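Chemist: Pasting a structure here, questions to come.
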Amino acid sequence: MSDNFSTTIHSRLWHEEPCANDPFAADVCRAGGYDVYGDLLGKVSYIDYLYLLFKGERPTAPQSRTLGLLAVALANPGPRDPSVHAAMAASVTGNPASSALMAAVAAGAGAGGGAREVLLAMRAWAACGTDLAAWCEHLANPPAPRPAFWPATGHAPGFAEHGVTCAKPVLQLLACLRDQAPSPQLDWLADKRAALEASTGIPLAQNGVVAAALHGIGLLPDEGEMLTLLLRLPGAAAHALEQTRHSFRQFPFFELDLQNDPAAREPA
């Protein structure tokens with residue numbers, strides 16, 4: 001067997017035809033069979049192009065509406081979110097833009113409110129469908145993380161670990177999706193939300209709605225995870241840029257409740 005690597009690019013989604021006089025430049029770029037600069041540029045939206053890149057085909061109108069709504073809802077998690085907070089912290093100390101975005105991805109990638117939680121919730125949809133009993137069993141006894149290096153979540157994926165009641169923006173997102181991009185999954189989630197919350201003891205979170213919507217338009221869990229990471233970056237970028245214009249003394253640190261604070265100890 002030869003040890004030489006292939007010189008051919010293998011991709012179902014992308015095809016290039018090199019320039020006749022410059023093999024390092026492309027003459028034609030095709031995504032999913034479409035000429036990007038001849039067939040798509042100026043004729044499709046960014047959201048539709050994203051779907052094409054992920055799935056290899058253009059979205060239907062309901063799929064496009066769903067992704068468009070989710071893109072707005074996910075674009076800025078706000079400075080309370082660890083991903084945005086990490087980007088702000090990277091920027092306020094003078095790091096380059098790449099550091100801020102890498103910090104945002106790292107902090108927003110996990111299963112505690114991050115993109116991995118969307119993947120886990122989408123796996124639950126694939127396993128349970130619209131069977132309430134199956135959902136309650138799945139949420140009470142979640143499967144072991146895979147790959148094994150991922151820690152256990154400690155709470156039902158798609159639900160707010162420290163929540164008390166379902167947040168208003170979560171309900172607004174669910175209502176908007178049902179109104180403008182309805183699906184059986186979203187209708188079922190709205191109808192069974194109270195029962196699911198009673199089963200878990202914690203309220204539905206935004207990631208739970210996102211997972212239902214993405215599953216409903218045919219995305220796979222790993223595709224949903226990647227899209228969530230991508231769609232959450234604009235807010236991190238905007239807050240990071242804003243923070244570069246402020247002193248570190250204006251960084252919005254939130255009050256921390258320190259345990260075993262040395263300053264609070266009584267003298268011996």
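Chemist: Which of (1) in a helix (DSSP H, G or I); (2) crowded, with 16+ Cβ neighbours inside 10 Å does Asn95 not meet, given it meets every other one?
Modeler: (1)
Chemist: Residue pairs, Cβ under 9 Å, 6 or more apart or interchain, first in the stretch 38-55 and under 18 Å from Ala26 (Cα atoms), second assigned to a helix (DSSP H, G or I) and not basic (Lys, Arg). List them.
Modeler: Final answer for the pair search is Leu40/Asp48; Leu40/Tyr49; Leu40/Leu52.
Chemist: Hey, another quick one. Would it be correct to say that Ala104 is crowded, with 17+ Cβ neighbours inside 10 Å and assigned to a loop (DSSP other than H, G, I, E, B)?
Modeler: Answer is no for this residue.
Chemist: Right, next: When the residues of the stretch 51-69 are filtered to those that are out of contact with any Ser or Thr (no Cβ under 9 Å at 6 or more places or on another chain) and surrounded by fewer than 17 Cβ atoms within 10 Å (Cβ to Cβ), which remaining residue is nearest to Cys176 (Cα to Cα)?
Modeler: Here the answer is Ala61.
Every number in this text was worked out from the coordinates using simple rules, so none of it is lab data. Predicted model, so just to flag it, every value in this text is computed and none were measured. A quick note on method: Cβ atoms are made from the backbone with ideal geometry, for glycine too, and the neighbour counts reach across all protein chains shown.
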